[in-house]
Amino acid sequence: MKWEEIVYRKSSGEIGSAKEIQKDLKKRLKPNRYTHTLGVVQTALHLATVYGSEASQAVLAALLHDCAKY
């Protein structure tokens, strides 16, 4: 499964996807920050694999780690 296909349950009960978050971030973040965020996603996935952590949580944390800065 690609990380973009990971789905999440929103607080409203709706289902959202990492792809939806990615599209929103692309609109909101500066190009350099967006590229940085995608790199953090790749690193988070690698670390989740190495340490046996949940990939979906790692991806969500990586995608959202800078969103409050802007």
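Structural remarks
- Per DSSP, loop GluC sites (Glu not before Pro) in the chain with at most 13 further Cβ within 10 Å: Glu14, Glu54
- Net length gained if the chain between Lys19 and Ala61 were fully extended (0.36 nm per residue, minus Cα distance): 13.7 nm
- As a length-normalised measure over Cα pairs under 8 Å and 6 or more apart, the relative contact order of the chain settles at 29 percent.
- Projecting the alpha carbon convex hull of the chain along each direction and taking the average yields 4.8 nm².
- Label-to-label distance for Tyr8 and Thr35 is 2.5 nm, based on points extended 7 Å past Cα in the beta-carbon direction.
Just so you know, all these numbers are worked out from the coordinates, no wet-lab data involved. Model, not experiment: these values are computed from the prediction. With ideal geometry, Cβ positions are generated from the backbone for all residues, glycine too; neighbour counts draw on all protein chains shown.
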